Amino acid sequence: MASALPSGDLRVSPAVLIPAAELHWRFSRSSGPGGQNVNTTDSRVELVFDLAASEAFPPGRRARALRRLEPRLVDGSVVVAASEHRSQWRNRVAAQRRLVALLQEALQPPPLPRRATRPSRGAVERRLTAKKRRSAIKARRASRDRLADD
């Protein structure tokens, strides 16, 4: 997860460590609760990570992450914003945690392909028996309606 110090390196997995130099922070005023403090404090945080230019990932993993995060990328960079806390420090930690979670999800190996299976003989027989039973019920209903019309 994110380290206790938001300005340090960021460990995404045991094999991947993002150096602090590759993380860029932007701060702005946040909306929401906080009274007059909101008007003076830059507590909203944006964490920008240039995934396309990063050397922290092996080439195969970087390609996988770029492919999976493609809709979220802005010029090859991932932007994560946090403004739910009144403190800039807590928003920085929240942004780091979100970035780590996002990258961990993107780096997961693809799921195994589905193996095609056939229904068992018993399942096929049960399905056909149920269809015949339903067909018989409807046939009786139709013959009863014809007798009533006559």
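The values are calculated or read from the model by the stated rules, or taken from the named source; none is laboratory data. The structure presented is a predicted model; accordingly, all values stated were derived computationally and were not measured. Every residue, glycine among them, receives a Cβ derived from its backbone with ideal geometry; neighbour counts consider all protein chains shown. Heads up: the accessible areas ignore ligands, DNA and RNA and are worked out on the full protein's heavy atoms, side chains in. Shrake-Rupley method; radii C 1.70, N 1.55, O 1.52, S 1.80 Å.
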Per the list (1) crowded, with 18+ Cβ neighbours inside 10 Å; (2) touching a Leu at 6+ places or on another chain (Cβ under 8 Å); (3) part of a loop (DSSP other than H, G, I, E, B), residue check on Ala52 breaks on (1)
Filter pass, Arg97 being free of Cβ contacts under 8 Å to residues at least 12 places away in the same chain, open to solvent by 70 Å² or more (accessible area, probe 1.4 Å) and not aliphatic (A, V, I, L, M): no
Checked pairs for the range 57-78, first open to solvent by 60 Å² or more (accessible area, probe 1.4 Å), second in a helix (DSSP H, G or I) and of a type outside the set (S, T, N, Q), C-beta under 6 Å and 6 or more apart or across chains, list as Arg61/Leu107; Arg68/Ala106
message: Looking at the range 93-104, can you tell me whether even one residue there is outside any helix (DSSP H, G or I), within 16 Å of the chain's Cα centre (by Cα) and closer than 30 Å to Val48 by Cα?
response: no
